[in-house]
Structures are given as C-alpha cells and as structure tokens.
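Right, one structure below, let's go through it.
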Amino acid sequence: GQNIDQPTEMTATEGAIVQINCTYQTSGFNGLFWYQQHAGEAPTFLSYNVLDGLEEKGRFSSFLSRSKGYSYLLLKELQMKDSASYLCAVRPNTGFQKLVFGTGTRLLVSP
Amino acid sequence: GAVVSQHPSWVICKSGTSVKIECRSLDFQATTMFWYRQFPKQSLMLMATSNEGSKATYEQGVEKDKFLINHASLTLSTLTVTSAHPEDSSFYICSATTSGISYNEQFFGPGTRLTVL
C-alpha cells in the first residue's frame, strides 16, 4: 500500500521560517514533489527531489532522505500569501508516472 | 509554462443527471492525463489515469461505469459523472503530462467544482 503522512495544520508568523514534514511508505520510489494549493485552486509546483539532499529555490527548500522515507519543505521569510495547503506527493515506481498525494498541510501565516 | 484548462469551472446539477467535465492541454500534447477528486479540507485522490487512444486505468474503489473517462486526442480528456448523486459533490482536478517534460511533471488544471442537489 501507499501511505504518505503530513501534519494537518501549522501556524507561523510573518517573516519566520517553517518546516513542513512528510513521511512516506510506498511500494516504490521514483521522486517526490511538493505542491502549493490555495483554497479552490489547482496545485502549483514548488519542488522535486529524487536524490538525497537539499534542493534550494529562493525562499523554498526541499530535503529528501530516501533511507528514512522522509522529506521536508522549508519556507523562509514567510509572507501572508504563503497561507495555503502544502501537498507532498510521491511517484511510486509504477507505470504512467502517477502521483500519490499526502494528506496535505494547511499553513496559516499570521501578522 | 504548460497550461491546462478545465471546463466548466463549476456546475450544479440535479441528482440522477450526468455531467461532463473537459480537460484540455493548451500548449502541449498530453500523452497522459490524470483525474483527481478532492473533498473539502482533504488531499487529492487519484481516480484514474488515461492515455490517449486507450482505456483509462482506474484506481481501486473507483467505479469505472460511473466515472467515464475518454482521452480521444492528445489535447483533450473528458470525465463524465453518470447518474450523479449528492455524495459525488466534490472538486475535480485534472492534470496532464508528456514525455520530455522536466521531472515528468504534471501540470494541473484549475479544477471543476461539482455540486449535486
């Protein structure tokens, strides 16, 4: 089976740093994605990890440890517009490139 | 970047009727399209994967006779919810991908909110 867990909700203040964790147990592994989704909108791509280590992209960084089945998304210098849901998705080593999404984390950034 | 559209953006229908949702890749040819369902405050649940010109592959627990998927061309896939009931009310999102795209990334449509009365 496929199991991907994230914290349900997190809160943080503007300007702070927040780390959103994702743990996964999947039948295979061929990459992990992080998406941002505002309410009622489509997910937008943030990052992709397939090898262990940290990928940095502006205010957002994503880390992967395949041996631990663990990833995190790090958001720096938080802004109010970062209030959204953050979805971790794993691509199991199956055909058709499908993604299995985690439970999602709702982040609320307050002034 | 790659753009995926969905139509309609929202629809309200009576119980027992059928509803068709279109998903189009506007600036690339999508060899594979995916259909997801998302209930309020929940994550995306994959319903089915469709490849152009072949039958869709449905996830376990998804009724293929209720959710008809057609991927007739490289730019269009349709999802038809047949004999819709209130429990089918949800946010339906499609995504599309093709070979040669970085990370084999999926590009998501803006979603269709279905409300069944």
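The values are calculated or read from the model by the stated rules, or taken from the named source; none is laboratory data. Computed from a predicted structure; not experimentally measured. Note that each Cβ is placed from the backbone with ideal geometry, even for glycine, and that neighbours are counted across all protein chains shown.
Quick look at the numbers
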quantity: Criterion: under 26 Å from B:C94 (Cα atoms), within 11 Å of another protein chain (Cβ to nearest Cβ) and over 11 Å from the mean Cα position of the chain (by Cα) - qualifying residue of A:T8, A:T26; calculated: A:T8
quantity: Residues that are closer than 16 Å to A:K76 by Cβ and either assigned to a strand (DSSP E or B) or touching a Pro at 6+ places or on another chain (Cβ under 6 Å) (or both), drawn from segment A:1-20; calculated: A:M10, A:A12, A:T13, A:E14, A:V18, A:Q19, A:I20
quantity: Condition broken by B:T112, with the remaining ones in (1) within 14 Å of another protein chain (Cβ to nearest Cβ); (2) of a type outside the set (D, E, K, R); (3) over 10 Å from the mean Cα position of the chain (by Cα) satisfied; calculated: (3)
quantity: Residue list for segment B:16-42, filter: touching a Leu at 6+ places or on another chain (Cβ under 9 Å) and within 15 Å of B:R113 (Cα to Cα); calculated: B:S18, B:V19, B:K20, B:I21, B:E22, B:C23, B:W35, B:Y36, B:R37, B:Q38
quantity: All positions within segment B:47-88 that are buried (at least 19 other Cβ atoms within 10 Å of the Cβ), assigned to a loop (DSSP other than H, G, I, E, B) and at pLDDT 95 or above; calculated: B:A84
quantity: Tally, over segment B:18-30, of residues that are under 18 Å from B:L68 (Cα atoms) and surrounded by 13 or more Cβ atoms within 10 Å (Cβ to Cβ); calculated: 6
quantity: Those residues of segment B:31-74 which are farther than 24 Å from A:S85 by Cα, touching a residue at least 24 places away in the same chain (Cβ under 8 Å) and within 13 Å of the chain's Cα centre (by Cα), in sequence order; calculated: B:T32, B:S50, B:F67, B:I69, B:H71
quantity: Subset tally (residues that are in a strand (DSSP E or B), under 22 Å from A:Q36 (Cα atoms) and of a type in the set (K, R)) for segment B:1-46; calculated: 2
quantity: Selection from segment A:39-64 of residues that are at the interface with chain B (Cβ under 10 Å from one of its Cβ atoms), closer than 17 Å to A:I20 by Cα and part of a loop (DSSP other than H, G, I, E, B); calculated: A:P43
quantity: Residues of segment B:100-110 classified as surrounded by fewer than 23 Cβ atoms within 10 Å (Cβ to Cβ), touching a strand residue (DSSP E or B) at 6+ places or on another chain (Cβ under 9 Å) and over 19 Å from A:L32 (Cβ atoms), total; calculated: 1
quantity: Residues of segment A:99-111 satisfying the condition of being surrounded by fewer than 20 Cβ atoms within 10 Å (Cβ to Cβ) and either within 8 Å of chain B (Cβ to nearest Cβ) or hydroxyl-bearing (S, T, Y) (or both); calculated: A:T103, A:R106, A:S110
quantity: Residue that is farthest from B:S15 (Cα to Cα), among those in segment B:51-91 that are within 11 Å of chain A (Cβ to nearest Cβ) and hydroxyl-bearing (S, T, Y); calculated: B:S54
